[in-house]
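A.B. asks: I am attaching a structure below and will ask some questions about it afterwards.
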Amino acid sequence: MKAPLSYVPALQPLMGWIAGILIWWSGGEAVWACVAAAIGLVLLIMRRHVLGFALATCVCGYVIAWLAAPTSAPAVCTDGHFFEYSGQVVMSRNSAESQTYHITVDSVAGNGCASFVAEVFTSAGGHLHPRGTRLHFIAQLQSTDLPKDFDTQPTRRAYYAEHAITAQGFADKQKIKAVGFDKSWRTIIDGLRSRVLHRLARCGLSDAAFGVLEAMILAQTDDLPADVRENFRAAGIAHVLALSGFHVGVIVLIMELLLWPLRIFTRLRQLRLLLMIIAVWAFALIVGMPWSVIRAAIMLSVYLLGLIIGRPANPYNSLCVALLVILAINPFALFSAGLHLSVCAVLGILLFTRILNPINPRRRVAFNAMGVVAASVGAVLGTLVPTIVHFHSLPVAFLPANIAMAVVMPAMMIGGILIAALPTGCAVSAWIGMAETWMVDTTDSLAQWIGGWPMSTINNLYFSNIEIACLIAIIASMAVAVNLNTKRWYAMSAVAIIVAVGAMIATHERYDDEEVVVLRSSPCATFLLRHHDSLMVVPMCRPTDIYYVKERITRNLDAYIGSRGVNRATITTGDFSLGNFSRRGEVMMIGNRSIAIPTTKGHSAKSDYLLLTSLTKERPDSLAKRYQADTVLLCPMLSLRRARALQQAFSPTPTRRL
């Protein structure tokens, strides 16, 4: 019998790999990664293997991140002008508010260019062009380089990097035209997924059952009813709608049942394990290879390969190997919310499940039943921090719903897979569809009931970086205390928890009753004027751009609105009055300061500030004669030539570019 892999050799390269990615991400020079690698080599020579190996692999993470950096859109594409673009759809998504496309653009105004990825929005409804479709579209693209206006910006930056998006814009449906279709292995998989969806749609499922099954076996949530999604989220079981290790485990369970006869033959047991690995990766391929499924597939593959060669794998080492492979494929997956939740859930289960299960393993039935409860609590403890960071909420009444889902979810998935495997119109499919509808409706009713409990979910949890670090310290201290199980570690963990809680209370941020923020990530500058719990959003844009501006601003305002307790946010381009803020025509009042915003000729006003936007078409010398402002503000969407002309015309008046 070979010695088990009782240590974690993949941890050191993983730490170095992550450090190299973070150095590149934070704008650090390559010399720092090289210095770290040199120090690591010296430590390896001195036989300090743990730290040396971690530092030596730091340069690998930096190089991978540098090579994976997305190609920037040409400057001419992001200067505020409309162009005709041509490219291939790599992702399309439908929602109640809009349709979203990720398009690899390779032609601008009929001229070829270095390929870059643009995220293009259009109005909801109508035909959704699938992946592989070649589109011609006319749009005004903007760069995805975001200023540090809000706490959500790092999340958006990570999203853009993960999907290699470097430009973004809104296109009218009438100006999007499909001109061809390019086949690839991905489009073939999409076709297979479409056939599965067709069979699900023809077996008599209710809308809720169809949406839930589509999410659970195909990783698509476009058709999931909003009320079902909200009920699952409030009850703390939204994770069943996002593919993870639990879903991969169900696939293994199905394969275990199908391949059970092979256990009889000793020589075929290894073949059975190999077929399980193939089935898991086939499932991962069909559902589109999300990071959580890739992580689970790699961990399971390492475990099964260990059984094949007679070397049981350490689950912590398998997790590190999975992360190394994922970060080698796409280093920016390090910032993915799905990967954070998946990894932290596994860590929580590994760290807390054994401690939280007091039943003697000899009492097999009771031990396994309690294991489900312990695993649910462990997963919630593990995902506590990423849930707050990414979703700003925390389900409290999660336990009863998760216990029910542990029983019902495998039956749901098995039923959905049977429907996909059976011929269309089969009577058995209709019976299974009726059973699936009953299970989903019952689960939805249970989730709605649990979600309606008082304090079932704590919302609007917006923590600063210091508070998040303190929360991580609290969870880590609990894990150390329960696993080491000594009085000394109990005492040290208790002190650490008390200090962390005190630091969270002392550093909690408090906000004024009124504030003004200028957001520069929309086509033109946008004013945010908050008075107590009301917010007025005033974008300086063309009326035709208001839809796109609303889409982009809304995504950037989630954390701002939640952290300040805003109950009502209004987007307007006209006159308004809100506390000490108001606008009448071309003059906006912010307290006792006035801002003139010229949009028509012939008007003049004495003001503290003069805001010039892309809507201001008048000649610079004419503007300078009519307005006497103490300071001139230039919107970011003004071209450099126009901005220079305005600066010269208003000289010596101070001019600032937002």
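The values are calculated or read from the model by the stated rules, or taken from the named source; none is laboratory data. Computed from a prediction, not measured in an experiment: that's the story for all the values here. No Cβ is skipped: glycine too gets one built from the backbone with ideal geometry, and neighbour counts run over all protein chains shown. Heads up: the accessible areas ignore ligands, DNA and RNA and are worked out on the full protein's heavy atoms, side chains in. Shrake-Rupley method; radii C 1.70, N 1.55, O 1.52, S 1.80 Å.
A.B. asks: Only loop residues by DSSP count here, and only those with at most 11 other Cβ atoms within 10 Å; note down the chymotrypsin sites (Phe, Trp or Tyr not before Pro) in the stretch 217-288 that meet that.
C.D. replies: Answer by residue number: Phe265.
A.B. asks: Provide the three semi-axes, in whole Å and in decreasing order, of the ellipsoid equivalent to the stretch 279-435 as defined by the square roots of 5 times the Cα gyration tensor eigenvalues.
C.D. replies: Semi-axes, largest first: 27, 23, 20 Å.
A.B. asks: To continue, here is another question. Determine how large the accessible area of His102 is when every protein chain is in place; take a 1.4 Å probe and give Å² rounded to the nearest 10.
C.D. replies: 10 Å²
A.B. asks: Right, here's the next one. Let me know the volume per residue of the alpha-carbon convex hull for the chain, in Å³.
C.D. replies: Roughly 207 Å³ of hull volume per residue.
A.B. asks: Pull out the extension gain between Leu258 and Trp185, defined as 0.36 nm times the separation in residues minus the alpha carbon to alpha carbon distance; nm, one decimal.
C.D. replies: Fully extending the segment from Leu258 to Trp185 adds 23.5 nm.
A.B. asks: What does the extension gain come out to for Val8 and Arg269, with contour length at 0.36 nm per residue minus their alpha carbon separation?
C.D. replies: Working it through step by step, the gained length comes to 91.2 nm.
A.B. asks: Taking Cα atoms, how many degrees apart are the long axis of helix 315-329 and the longest axis of the chain, rounded to 10 and kept between 0 and 90?
C.D. replies: It is inclined by approximately 40 degrees.
A.B. asks: Between the DSSP loop rule and a limit of at most 10 other Cβ atoms within 10 Å, which trypsin sites (Lys or Arg not before Pro) in the stretch 148-231 are left?
C.D. replies: Here the trypsin sites (Lys or Arg not before Pro) that fit, given the DSSP loop and packing criteria, are Lys148, Lys183.
A.B. asks: Gain in length, Met289 to Trp449, computed as 0.36 nm per residue apart minus the alpha-carbon separation, to one decimal in nm?
C.D. replies: 54.2 nm
A.B. asks: Sticking with this one: I'd like the trypsin sites (Lys or Arg not before Pro) in the stretch 333-369 restricted to DSSP loop residues with at most 11 other Cβ atoms within 10 Å, sorted by number.
C.D. replies: Here the sparse-neighbourhood loop sites are Arg362, Arg363.
A.B. asks: Moving to a separate point now. Keeping all protein chains in place, calculate the accessible area per residue for the chain (probe 1.4 angstrom), answer in Å².
C.D. replies: 49 Å²
A.B. asks: Pairing the Cα long axis of helix 269-286 with the longest principal axis of the chain, what angle in degrees results, from 0 to 90 and rounded to the nearest 10?
C.D. replies: Roughly 20 degrees, rounded to the nearest 10.
A.B. asks: At 1.4 Å probe size, with the rest of the protein present, what percent of the exposed accessible area of the chain is carbon and sulfur atoms?
C.D. replies: C and S atoms contribute 63 percent here.
A.B. asks: I've got another one for you. Heads up, I need the accessible area for Ser244: 1.4 angstrom probe, whole protein in place, Å², nearest 10.
C.D. replies: Around 30 Å² of this residue is reachable by solvent.
A.B. asks: Mind checking the angle between helix 546-563 and the chain's longest principal axis? C-alpha axes, 0 to 90 degrees, to the nearest 10.
C.D. replies: Tilt of helix 546-563: around 60 degrees.
A.B. asks: Now for a different question. Placing +1 at every Lys and Arg Cβ and -1 at every Asp and Glu Cβ, with all other atoms neutral, what dipole size does the chain have around its Cα centre, in debye to the nearest 20?
C.D. replies: Roughly 1360 debye for the chain.
A.B. asks: Treat each spin label as a single point 7 Å out from the Cα along the C-beta direction, and report the Ala476 to Val50 distance in nm.
C.D. replies: 1.4 nm
A.B. asks: With the crude spin-label approximation of a point 7 Å out along Cα→Cβ, what separation in nm comes out for His532 versus Lys173?
C.D. replies: 4.1 nm
A.B. asks: So, one more: Gap in Å between the Cα centre of the stretch 398-413 and the Cα centre of the stretch 570-587?
C.D. replies: Between the Cα centre of the stretch 570-587 and that of the stretch 398-413, the gap is 51 Å.
A.B. asks: Same structure again: Between Asp222 and Val407, what FRET efficiency comes out of the Förster formula 1/(1 + (r/R0)^6) with R0 = 35 Å and r the beta carbon distance, rounded to 0.05?
C.D. replies: It comes to 0.80.
A.B. asks: Aspartates and glutamates within cross-link reach of Lys173: Cα-Cα under 20 Å, excluding same-chain residues under 8 positions apart?
C.D. replies: Straight-distance partners of Lys173: Glu84, Glu97, Glu119, Asp222, Asp545, Glu551.
A.B. asks: So, one more: Which residues make up the longest stretch of the chain clear of GluC sites (Glu not before Pro) that lie in a DSSP loop with no more than 13 other Cβ atoms within 10 Å, not counting the sites?
C.D. replies: Answer from the scan: 98-508.
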